[in-house]
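The values are calculated or read from the model by the stated rules, or taken from the named source; none is laboratory data. Since this is a predicted model, take the numbers as computed values, not measurements. Note that each Cβ is placed from the backbone with ideal geometry, even for glycine, and that neighbours are counted across all protein chains shown. To get the accessible areas, we keep the full protein, side chains included, count just its heavy atoms, and leave off ligands, DNA and RNA. Shrake-Rupley method; radii C 1.70, N 1.55, O 1.52, S 1.80 Å.
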Amino acid sequence: MIKFILELKKFDNKEQELINRALKKLERQITTFESTGTPFEKIFNNDAIKYDVLGKGFYTYKFVAENSSQLRILYRFVRTENGFDIECHKVEVKRRSGKGYIKDFEEYVKNYE
């Protein structure tokens, strides 16, 4: 299940649609791994699902849409009785090259309780 910790209202409609599509794709990718016997915790060398590993259970997800729009999503994977939840904490709509967003994500994770 996808849970939003951030406020989607600060994004325009197209960005919200991209965020939802990205998170659904992430959920499908994780579900595929899990259904073939590879739990999320054992996924390694997959830089789409775990683009960056930031600690405290946080990861970034790299999503590129058909129109070349790029998103970086800071999320937590939370194991539950019935499977898993994906908590979406922050989103960066990437408009330039580089990893400038990572400092913001790292600061958020550092201060997360």
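Checking every one of the trypsin sites (Lys or Arg not before Pro) in region 23-113 against DSSP loop status and a limit of 15 other Cβ atoms within 10 Å picks out 56, 95, 96, 99. For region 1-83, the list of GluC sites (Glu not before Pro) that fall in a loop by DSSP and count at most 11 other C-beta atoms within 10 angstrom reads 7, 66, 81.
Shown here for region 1-93: chymotrypsin sites (Phe, Trp or Tyr not before Pro) in loop regions (DSSP other than H, G, I, E, B) with at most 10 other Cβ atoms within 10 Å, namely 44. Set the Förster distance to 30 Å, then compute FRET efficiency between residue 31 and residue 9 from the Cβ-Cβ distance, nearest 0.05. Once the sixth-power term is evaluated, E becomes 0.60.
Residues with beta-carbon under 10 Å from that of residue 79, excluding residue 79: net charge, scoring Lys, Arg +1 and Asp, Glu -1?
-3
The share of accessible area on region 50-113 that comes from carbon and sulfur is 42 percent, using a 1.4 angstrom probe. Counting only DSSP beta bridges whose two residues both lie in the chain, roughly 90 percent are antiparallel.
What the chain shows is 63 Å² of accessible area per residue, with the surface traced by a 1.4 Å probe over protein heavy atoms. For mean projected area of the Cα convex hull in nm², the candidate list reads [x] 7.1; [y] 8.4; [z] 7.5; the entry that matches the value derived from this model is [z].
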